[in-house]
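What follows is a set of notes on a single structure, which appears directly below.
The numbers here are math on the coordinates, done by the rules we state, and not lab data. Please read these numbers as outputs of a predicted model, since none were measured by experiment. Cβ placement follows ideal geometry from the backbone for every residue including glycine, while neighbour counts extend to all protein chains displayed.
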Amino acid sequence: MADFFKKSYRFALMTSLYITLLLTLVLGVFLYFRLEIDYIALLTFAFSCFCISFFVIQYRAERFIYRRVKAIYDEVELLDVDDIEGTPVTTNMDTLKKQVEKFAKSRKSEIETLTIREAYRKEFLGNVSHELKTPLFTVQGYILTLLDGAMNNKEILEKYLSRASKGVERLIYIIKDLDMITKLETGDLHLNYVNFDIVELIQSVFDLFEMKAAKKNILLAFDRRYTQPIMVHADKERIQQVVSNLIVNSIKYGKEDGTTEVGIEDLIRNKLIVRVTDNGEGIAQRHIPRLFERFYRVDKSGSRKEGGSGLGLAIVKHIIEAHHERIYVESDYHVGSEFSFTLEKVKKFPIVNVGTKTA
């Protein structure tokens, strides 16, 4: 309290003291030469002079500083008017300086954030434009060729219409993924929580992509044999999408005659962790922080040859975060990668290890 008093009223206090001493000295000299000095009257005058001077100077100083500081705040928009009117304006310049510096730092931080977002927005728009441009130009090229007379050839007509259809399917695929990410980011996508067996779900994903993996002779397998169901509480359809995206990525970027393994382990309390591991090319460490960004590709040329919307990992991240869970990635370049995510178990299910891996 003493520190606050000193900082807020020091100017008025010292100025009043100087005025009081000066006037009291003048009055004392006057009384000394003209009249008999009345010390009680002199002290009463000094006290009254000090009090009146203090309150007048303090009020005027506050009003003077308030008007000018408020004008500065209004001009540079460092502070809302309500923030000033709610508290008295101090006469201490150090306090005002600290306050202005505080809000200047806040605005600087906001500007830096907006700059980063603007750069991200430009990159995102460029990526969207590129991803949509390729299938659009492909479809346009086939249609224009047909309109130029190729439609009269039945064989060419069917082939070009089939290729144009694939281009349209890719466009729809990209737009659906963009729509899903938008819903996930805005919280508009409703999650339908149910209890289901995560082992059974992973096996169904294996069955779904078995032929795709066989083209590169990649083995899809569990890290061990799970003899009992492991029940989790989540949106089954969305978790299947997560597992599917991770498995598809491991097949796309895995090496021929490789392996993609999925393991399930107890974590803490009612949590388990699902690990998807491959022995593919791996990912350089400089790319890992950006892996889950929309349209970010480690290999700009090779990735597009493999197809996909470029949104798979971004969708995976948003789905897992919508479940209030965590996703992790570890990778050694030229060795392999491991993507893992946590899920909530229904209850304490023991994860039994029996035998070796099974496809």
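General remarks:
- In the structure shown, the pairs LYS176/LYS236; LYS215/LYS236; LYS159/LYS212; LYS176/LYS252 are assessed against 25 Å; a Cα-Cα span above that value is assigned to LYS215/LYS236.
- Here GLU256, GLU293, GLU185 are placed in order of increasing Cβ neighbour count within 10 Å, fewest first, which gives GLU256, GLU185, GLU293.
- 20 Å Cα-Cα threshold exceeded, pairs from LYS166/LYS317; LYS133/LYS255; LYS271/LYS317: LYS166/LYS317; LYS133/LYS255
- Cβ crowding within 10 Å ranks HIS324, HIS334 as HIS324, HIS334, fewest other Cβ atoms first.
- Between amide H atoms placed 1.01 Å from N, distances below 5 Å from THR259 occur with LEU219, ASN279, all of them 5 or more places distant or on a separate chain.
- Multiplying the residue separation of ARG326 and ARG68 by 0.36 nm and removing their Cα-Cα distance gives an extension gain of 87.8 nm.
- Cα-projected label distance for ASP257 with GLU237, points at 7 Å along beta-carbon direction, nm: 4.2 nm
- Were the residues from GLU155 through GLN140 laid out at 0.36 nm apart, the gain over their Cα-Cα distance would be 3.5 nm.
- Annotation for LYS105 and LYS271: the two label points, set 7 Å from Cα along the Cα-Cβ direction, are 3.2 nm apart.
- Taking other Cβ atoms within 10 Å as a rough exposure proxy, ILE40, ILE52 sort from fewest to most as ILE40, ILE52.
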